[in-house]
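One structure below.
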Amino acid sequence: MNHEIVFSKYYGESQTEGLDYYKKHDYGYNALLKAIEMGFEKVHQEVKDSGLRGRGGAGFPCGMKWGFIPKNTEKPIYLVINADESEPGTFKDRAIMAYQPHLMIEGAIISAMTIKAHMIYVYIRGEYVKEAKILDAAIEEAYKAGYLGKNVAGTGYQLDMVVHRGAGAYICGEETALLNSLEGKRGEPRIKPPFFPAAIGLFSCPTVVNNVETLACVPMIVSKGAEWFRSFGPEKNHGMKLFCISGHVNRPGLYERPMGYPLMKLIEEDCGGIWKGRKLKAAFPGGSSAPVLTAEECNVNLDFDSLAKAGSMLGSAGIMVIDDATCILKVAIRTAHFYQVESCGQCTPCREGSMWLKELHIRLEAGEGKVSDLDLIEDICNNMDGTTICAFGEATAWPLRSMVKKFRSEYEQHVVEKRCPFEG
Amino acid sequence: MKKVFGEKFYQEMDRISQFYPNKRAMLLPALHAAQKERGWISDETMQDVADFLEIPKTQVKEVVTFYHMFHTKPVGKVNLQFCNNIACWLRGSEELIHHAEKKCNIRLGETTGDGVFTISEVECLGSCGTAPVCQVNDDYHENFSVEALDKLLEGRQS
Ligand SMILES: Cc1cc2nc3c(=O)[nH]c(=O)nc-3n(C[C@H](O)[C@H](O)[C@H](O)COP(=O)(O)O)c2cc1C
Ligand code: SF4
Ligand code: FES
């Protein structure tokens, strides 16, 4: 399997965030200069040919999305970077911003010039105070060096960039909620269609929203070519990828591996296996919105299509590993609690459903549930699926339905024994 | 207009105003700057922000109440925000929360009588690889432990 570390060469080291360091050890804005030389139509084609798919969760082809921006529009065009990173289990964008902010900035400049945007907003979650400061400083350096401002790299192109901090709301990662939030409104998702903000987005203007890691892939694609990028990973799932592993493994953390890397290899070899000599019970392969995989199902490759085929999703590549001493109902309570707290409340199935899912799991875990509650949980999940304004409904229903379906006997055991079998 | 905030507030607003096509879009930056200065967002602060941005106060209020990070009542000098989401929970966050509640003799969401400590539960902080995590004011304390928590609590009490 072709493998080359392109992101995480110096993660964990100190003072890697400056422009000097980036010039010495990384692309150093040479990809931008090359892009200018190539011309941006060619850059767009190169990104299309690379097969780059969005790293924010949905895996949508990046080059195709850029193509949705209307031609010859009179309105300003915006590029918005989604740095909201709030999907439980996910911590990759934070590393990119902390250790190589200029990689993201260079990628954003190239992308903005490709879609003819003159303004870039970085919407970063409010809790990332340190990372926002690092970005502010890096953007200032880029202005001083002439990569941003009135005359980008001597081309006469004007481009501005500013960091906009969120304020603690998971739903603002959903791109239309993010746009409302940026406009100074409550972070409530917009009704679809339009399915993409390409024509009517931020301030009702054409807008592209891309994830941090997606944009950080752009300098390397321009610099090394689509062919090189495609040399990593299986067909239609290309590139090197940052995988976030947490939970019950011996060595949790961030691992950069090619797309399509086997999950079990990551758990067993890279992360040193399950902690405390215990056994693997289950894992969320792509954040808490992804249906859980049982231990047997973990024999799967980590890419968009393989995980979709396995009935789950790569999502944000946040892998949370659960050992066999853990009660799955307790995991379900934590999961349901999160969605209940974070539902924006616009849709009844989501607002009420997440609340009932939590209540039912609390009752069952305490040994006070009925067998009919198990079907009720499935019913509630089915009612949330496809009936809501945004994908948060599915993000709640899918993992919770997967737990009751795949661990039904454990749920039943709680009912029959009238207690949690994992407690003494 | 009469200046009701400190210089820093106006400097920050001056710096960023060129990037926004209207004032309402500066609401989150303005609220962050206001909270930084005053520690929390009172009714009066909402009015001050509304006046500054020339928008109705109701628009400010509906936003303040939507986001978890804006405090609508005062918080302690040391604001302990424990992540208790899945990855942190798998790594023992609940034990830390119980320990903090016992040591401070308050419940989640409360502040100690002397105004020093607030403890609360927050959702995933984006640091799951170094769980459990506690955000203390702005700073992340990763691989947090009962020992580290004790040290922090005792260090601030004396
Ligand atoms: C509930 C919900 C939360 C989301 N959270 C994030 C997030 O934190 N970061 C992110 O990049 N995308 C998130 N997304 C996906 C975005 O809506 C959008 O697809 C993505 O930012 C597009 O960028 P990409 O094509 O580069 O992946 C979320 C989607 C949903 C439905
Ligand atoms: S599905 Fe949930 S989060 Fe999404 S708009 Fe409806 S209520 Fe809000
Ligand atoms: S679950 Fe606690 S930081 Fe992600």
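Details
- Number of the exception - residue B:54 against (1) facing chain A (nearest Cβ under 9 Å); (2) surrounded by fewer than 21 Cβ atoms within 10 Å (Cβ to Cβ): (1)
- Applying the condition of being basic (Lys, Arg) and in contact with a Gly (Cβ under 7 Å, 6 or more places away or on another chain) to segment A:44-64 and asking which residue is farthest from residue A:221 (Cα to Cα) yields A:53.
- Test for residue A:48: is it more than 20 Å from residue A:30 (Cβ to Cβ), in the same structural domain as residue A:36 (by TED's automatic domain parsing), open to solvent by 30 Å² or more (accessible area, probe 1.4 Å) and outside any loop (DSSP other than H, G, I, E, B): yes
- Of the numbered criteria (1) at positive phi; (2) touching a strand residue (DSSP E or B) at 6+ places or on another chain (Cβ under 8 Å), the one residue A:267 fails is (1).
- Listed by position, the helices (runs of 4 or more DSSP H) contained in segment A:309-424 that have at least 3 residues being more than 25 Å from residue B:94 (Cα to Cα) are A:348-365, A:371-384, A:392-406, A:408-417.
- Residue that is farthest from residue A:286 (Cα to Cα) [pool: residues in segment A:86-102 that are of a type in the set (Gly, Ala, Ser) and facing chain B (nearest Cβ under 7 Å)]: A:86
- Looking only at residues of segment A:182-199 that are among the aliphatic types (A, V, I, L, M) and crowded, with 17+ Cβ neighbours inside 10 Å, we find that the one that is modelled with the lowest pLDDT is A:198.
- 2 or more residues without any contact (Cβ under 8 Å) to a residue 24 or more places away in the chain and of a type in the set (A, V, I, L, M, F, W, C): qualifying helices (runs of 4 or more DSSP H) within segment B:9-107: B:43-53
- Contact annotation: residue pairs with Cβ atoms under 8 Å, 6 or more positions apart or on different chains, pairing a residue in segment A:150-173 that is without any contact (Cβ under 8 Å) to a residue 40 or more places away in the chain with a partner that is open to solvent by 30 Å² or more (accessible area, probe 1.4 Å), are A:150/A:158; A:151/A:157; A:151/A:158.
- As a summary of the residue check, residue B:116 satisfies the conditions (1) within 16 Å of ligand 3 (Cβ to nearest atom); (2) open to solvent by less than 60 Å² (accessible area, probe 1.4 Å) except for the one numbered (1).
- If only residues of segment A:331-352 that are within 12 Å of chain B (Cβ to nearest Cβ) and hydrophobic (A, V, I, L, M, F, W, C) are counted, the one that is farthest from ligand 3 (Cβ to nearest atom) is A:344.
- Candidates in segment B:125-158 are the residues that are modelled with pLDDT of 95 or more and polar (S, T, N, Q); of these, the one that is most open to solvent (accessible area, probe 1.4 Å) is B:143.
- Considering segment A:161-216, and only residues there that are among the acidic types (Asp, Glu) and within 16 Å of ligand 2 (Cβ to nearest atom), the residue that is farthest from residue A:117 (Cα to Cα) turns out to be A:188.
- Looking at segment A:172-261, the helices (runs of 4 or more DSSP H) lying wholly inside it that each contain 3 or more residues that are within 16 Å of ligand 1 (Cβ to nearest atom), more than 30 Å from residue A:26 (Cα to Cα) and in the same structural domain as residue A:79 (by TED's automatic domain parsing) sit at A:175-182.
The rows are residues; the columns are (1) among the basic types (Lys, Arg); (2) within 14 Å of ligand 2 (Cβ to nearest atom); (3) touching a residue at least 40 places away in the same chain (Cβ under 8 Å).
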| residue | (1), (2), (3) |
| --- | --- |
| A:336 | no, yes, yes |
| A:346 | no, yes, yes |
| A:351 | yes, yes, no |
| A:366 | no, no, yes |
| A:376 | no, no, no |
| A:394 | no, yes, yes |
| A:404 | no, no, yes |
| A:410 | no, no, yes |
| A:419 | yes, no, yes |
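- Residue check, residue A:140 touching a helix residue (DSSP H, G or I) at 6+ places or on another chain (Cβ under 7 Å), open to solvent by 10 Å² or more (accessible area, probe 1.4 Å), within 11 Å of another protein chain (Cβ to nearest Cβ) and within 19 Å of residue B:15 (Cα to Cα): no
The values are calculated or read from the model by the stated rules, or taken from the named source; none is laboratory data. Because the structure is a prediction, the values reported are computed rather than measured. No Cβ is skipped: glycine too gets one built from the backbone with ideal geometry, and neighbour counts run over all protein chains shown. Quick note on the areas: whole protein, heavy atoms, side chains included, nothing else; ligands and nucleic acids left out. Shrake-Rupley method; radii C 1.70, N 1.55, O 1.52, S 1.80 Å.
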